[in-house]
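The values are calculated or read from the model by the stated rules, or taken from the named source; none is laboratory data. Keep in mind that what you see is a predicted model, and the values were worked out from it rather than measured. FYI the Cβ positions are ideal-geometry reconstructions off the backbone, even for glycines, and counts take in every protein chain you see. Only protein heavy atoms, including side chains, enter the accessible area calculation; ligands, DNA and RNA are left aside. Shrake-Rupley method; radii C 1.70, N 1.55, O 1.52, S 1.80 Å.
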Amino acid sequence: QVQLVESGGGLVQAGGSLRLSCAASGFTFSIRPMGWYRQSPGKERELVAGITAGGTPNYADSVKGRFTISRDNAKNSVCLQMNSLKPEDTAVYYCNAGTRGWRPMYSYWGQGTQVTVSS
């Protein structure tokens with residue numbers, strides 16, 4: 001039922017930019033907080049950016065000032081603009097609805113999109 005399709009990842013040099021997109025379906029998108037999460041090998045999946053249903057963003061300290069999250073309720077889409085990328089940003093990026101505390105709402109995860117930042 002719930003579908004989350006991430007796109008936009010790729011290989012970029014440090015200092016470069018990428019824009020990730022997430023197409024969501026199977027739930028009432030407009031009333032849900034949405035988040036971008038990432039997972040690197042050997043590490044737990046972590047929230048990097050969230051946006052409330054009302055459009056208020058939240059960011060992990062590691063990405064503040066570099067990433068911008070946005071949403072388009074008409075398209076059931078949430079995007080993550082990533083600037084000034086660093087090698088430590090390398091991860092698979094996933095989107096999901098968020099809960100209080102920004103834990104993921106749905107146990108289903110999409111395939112994610114790979115972001116690789118070279119030094």
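Before moving on, here are some points about what is shown:
- A simple count of charges around residue 79, restricted to other residues whose Cβ falls under 9 Å of its Cβ and scoring Lys, Arg +1 and Asp, Glu -1, yields +1.
- The range 1-47 and the range 82-106: distance between their alpha carbon centers, rounded to Å: 6
- Among 93, 27, 9 the positive-end extreme of the charge dipole of the chain (Cβ point charges): 27
- Accessible-area ranking of 103, 32, largest first, probe 1.4 Å: 103, 32
- Protection proxy ranking for 63-71, 41-49, using the average of other Cβ atoms within 10 Å per residue and placing the highest first: 63-71, 41-49.
- Label-point separation, residue 83 to residue 118 (7 Å along Cα→Cβ), nm: 2.4
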